[in-house]
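For reference, the structure discussed in these notes is given below.
The values are calculated or read from the model by the stated rules, or taken from the named source; none is laboratory data. None of these values were measured; they are calculated from a predicted model. A quick note on method: Cβ atoms are made from the backbone with ideal geometry, for glycine too, and the neighbour counts reach across all protein chains shown.
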Amino acid sequence: MHSDDWNETSEIAVDMATGVSRREFLQLAGTGLFVFFATGPMAAFQEPSRLPAPPSYPTDFNAYLRIGGDGRVTCFVGKVELGQGSKTALAQLAADELDVSFDSVDMVMGDTDLCPWDMGTFGSLTIRRFGPVLRGAAAEARAVLLQMSADYLQLPSVENLHVKDGVVTCTKDEHKSVSYAKLVEGKRIERHLEKVPVKPVPAFTVIGTAPRRKDALDMVTGKARYAADMTPPGTLHARLLRPPAHGATLKEADTTAAEKIPGVRVIRDGEMIAVIHERPDTAERALELIRARFEPAQPGEDDKTIFDHLLKAAPPLQIVDEKGSLAEGEKLAARVVEETYLNSYVAHAPMETHSAVAIIEGRRLTVWASTQTPFPLRQQLAQAIGFAPENVRVIAPYVGGGFGGKSSSGQALEAARLAKVTGKPVQVVWDRAEEFFYDTFRPAAVVKIRAGVNAAGKLLLWDYRVYCAGDRGSRQFYDIPHQRTQSSGGWGAGNPGLHPFAVGPWRAPGVNTNTFARESHIDTLASKLGSDPLEFRLSHLSDPRMRRVLLAAAKQFGWKPASAPSGRGVGLACATDVGTYVATAAEVAVNKSTGHVEVKRVVCAQDQGLTVNPDGSRQQMESGITMGLGYALAEEVRFKDGAVLDRNFDSYQIPRFSWLPRIETIVIENPETPASGCGEPPITSLGAVVANAIFDATGARLRQLPMTAERIKTALQRG
Amino acid sequence: MRRNISFTLNRKPVQLTVDDDRMLLWVLRYDLGLTGTKFGCGAALCGSCTVIVDEEAVRSCVTPVKEIAGKHLLTIEGLSREGRLHPIQEAFIDHHAFQCGYCTPGMIVQAYALLLKKARPTREEIIQHLDNNLCRCGSHTRIVDAILEAAGSTKGAV
């Protein structure tokens, strides 16, 4: 448990700045037992505007659960379910601590009217940070209900009370029994989270199991409704005129032909030109009839020149971590290896494109949006159309994948602006080309590493510089006495002029790049020393959790020691992210004439501390491995002078069924360590493990992601 | 051309007056309100919009509605009968063969078309048949396992 979190959350006071007291909030929220809680220091989730939203919340908590007179437990959380299974895992945590059935827990998520403020769903934070606090709140609720039971049953203490499925029974007298529902019926009871002991691991009944996902039936029947499936009566569909390239400016647009189509309206609002119609395909046809003239963008970078540009334009390096002295390391090194690693821009490419429906009723705006950040989006919407934030409601219904790309939600702003101009509900669904054009790509990046070993083959020098990927995952975990890690420019915005288009968080931002570089370089050193890559890693690893996952993966894989290239096509990589440890082993076959790589088998071992739902964890591991093959082997955004050349899945290849390796996952049992992140870590080692396996197969070292057939052929010819 | 078009939709007769060159996807989603069929790419590259026309899987985003005149159309909404899920749907649930669920209707419908042709496909045949259906969440292994299981349990009962 994060003790500092508890201390911070136990000091709760109503913040009168909002003008809403707890009492007023409870009046709105109905009857039952309420437990309010917050995840971490208030400043971390304080809404920037400090403005209330009806039904308004006091700002001293950012989630709560309610046990109602019907016996149902409802948990109100501003997080969003993007497919990662958090709706199910969070319900498991609450059910276990409360001793109620999993089925009696309802999760209300991602709705700014129903849920308290939340910064957004990213960074594998949902279970890691939010989970412990939710458990605490549920345990608090249980403690309150036990005390109420003792009073109700006229028992001197809670000592002999046992709870199962929400029914409290006295173990000394089974006739003395009362349900949670009965206890709270018609009452309004309020508690805030205090320090309450949570269940010890052996007492878990729901945590550690894999119940049917709460959303399973909706998913397989087509009933799951995503933003584009919301069509309030009278909805109009909008298509927007887009520039051919980033930096191109509109000079003139002749919309006469478009306007001749019956029912089509052309809207000009500031720089925006949109066509709207009651049918999306008619709007699309009208858009095609607009004759627009753009002034081209200034000539700029392309996907080949970008790396030199990044090195020139990157802001100064900042020290991330430092140990010993590089000068001393240089002096002691008998052999130094210096290399540069590159990765290209990568798209999020969720199957659901950015979608939103906006409706204005009176002075209230409601937007259903595919977004990872409903609360920050509410703020942006309010600003965009000049409404007070309390008159804006954002609902993230089912969201068809995010991976970081739906942290930015421009489509919702477009829909809201058009709803305001037209007075009608407006739906904006980006087509695939718009999705590629406006994506906030994983940034192209450069890593330079200079590493040295002494005569005995011991690593003692590590000089690491990462440009434009961000420092997450850059810290060295191998034991090296003289080392320095520096980073320049993060993965996000904030470096104007650095990238030719928007960049942003992409599943484990920075870590994929940093892991590719580090683990490739470690393998390079091992190979130059004639060492077995497993043995070389182990001889520089003292962290017991990293050793454990590496040994587990190697054992399952059936790793046999040999120095690379052995011709077998096997590789290893280690990674750590958001507190989770990952080791991956892979086997590949490389066609030396075509450069085509078949990844035949991937074994991944992960230690994420407490595992809430083992099947959910395995699913995230399989997901990371499969998705990771894309950036390892194929995914790269081609562009020139501001134009994005990849516009659909014909040229931009994402992993397919035929790419599938045999996947084996190992979830390390470590229940006494708090749960860490699970959605991101398993993807981070894929670039490196495939690169290392390709080297082992062929002797060709690929230092640029993705490792396309073309690059592999070139590397093979280079020898 | 605007005209009357008749077909059966999920075993019920339907008559529409539409521009017959409109793509089926939009007619399904916004004229008929069947939103289980999804837009993903608009160019028959991802399979999110897959439906069954006369026992064949087709991409509704590139299929003009005139092509289904007089035919039998089946969408994800028509797979369960009398409240009972189809074995493929059951198997997708049992294997948790989805994450965000967006590609799932297309995957299930594509698998349905395969099992119509071949009740007991091999793993390789499933992979080949689904290779143009994209999933970004990486649920591929589970989808294959679910279809294998469904094929084992259907005994040709699709």
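Computed quantities for the displayed model
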item	result
Segment B:26-42 - residue that is over 20 Å from residue B:113 (Cβ atoms) and assigned to a loop (DSSP other than H, G, I, E, B) and, of those, farthest from the other protein chains (Cβ to nearest Cβ)	B:32
Qualifying residue in segment B:50-61 (condition: part of a helix (DSSP H, G or I) and either at negative phi or polar (S, T, N, Q) (or both))	yes
Selected residue (criterion: nearest to the other protein chains (Cβ to nearest Cβ)) from residues of segment A:218-237 that are in a helix (DSSP H, G or I) and out of contact with any helix residue (DSSP H, G or I) (no Cβ under 7 Å at 6 or more places or on another chain)	A:229
Test: residue in segment A:629-647 that is in a helix (DSSP H, G or I), within 27 Å of residue A:88 (Cβ to Cβ), assigned by TED's automatic domain parsing to the domain that holds residue A:606 and not small (Gly, Ala, Ser)	yes
Test for residue A:669: is it touching a residue at least 12 places away in the same chain (Cβ under 8 Å) and surrounded by 24 or more Cβ atoms within 10 Å (Cβ to Cβ)	no
Selection count, segment A:583-629, where residues are within 14 Å of chain B (Cβ to nearest Cβ) and polar (S, T, N, Q)	6
Selected residue [within 17 Å of the chain's Cα centre (by Cα), closer than 25 Å to residue A:683 by Cβ and either more than 9 Å from chain A (Cβ to nearest Cβ) or in contact (Cβ under 8 Å) with a residue 40 or more places away in the chain (or both)] from B:143, B:127	B:143
Residue in segment A:395-409 that is within 19 Å of residue A:77 (Cβ to Cβ), among the small types (Gly, Ala, Ser), away from chain B (no Cβ under 13 Å) and out of contact with any strand residue (DSSP E or B) (no Cβ under 9 Å at 6 or more places or on another chain) present	yes
Tally of residues being on the phi > 0 side of the Ramachandran plot and in contact with a helix residue (DSSP H, G or I) (Cβ under 8 Å, 6 or more places away or on another chain) across segment A:515-558	0
Inter-residue pairs, beta-carbon under 7 Å, first assigned by TED's automatic domain parsing to the domain that holds residue B:66 and assigned to a strand (DSSP E or B) and in segment B:9-25, second among the polar types (S, T, N, Q) and surrounded by 14 or more Cβ atoms within 10 Å (Cβ to Cβ), 6+ apart	B:14/B:8; B:23/B:60; B:23/B:63
Pick from segment A:309-342, criterion without any contact (Cβ under 8 Å) to a residue 60 or more places away in the chain and closer than 17 Å to residue A:489 by Cα, ranking: nearest to the chain's Cα centre (by Cα)	A:309
Subset of segment A:343-371 (residues that are on the phi < 0 side of the Ramachandran plot and without any contact (Cβ under 8 Å) to a residue 40 or more places away in the chain)	A:361, A:363, A:364, A:366
The listed residue being in contact (Cβ under 8 Å) with a residue 24 or more places away in the chain and more than 27 Å from residue A:695 (Cβ to Cβ), out of A:642, A:630	A:642
Positions within segment A:181-210 being within 23 Å of the chain's Cα centre (by Cα) and within 19 Å of residue A:108 (Cβ to Cβ), in sequence order	none
Filter result (without any contact (Cβ under 8 Å) to a residue 60 or more places away in the chain, more than 25 Å from the chain's Cα centre (by Cα) and assigned to a helix (DSSP H, G or I)) within segment A:386-415	A:391
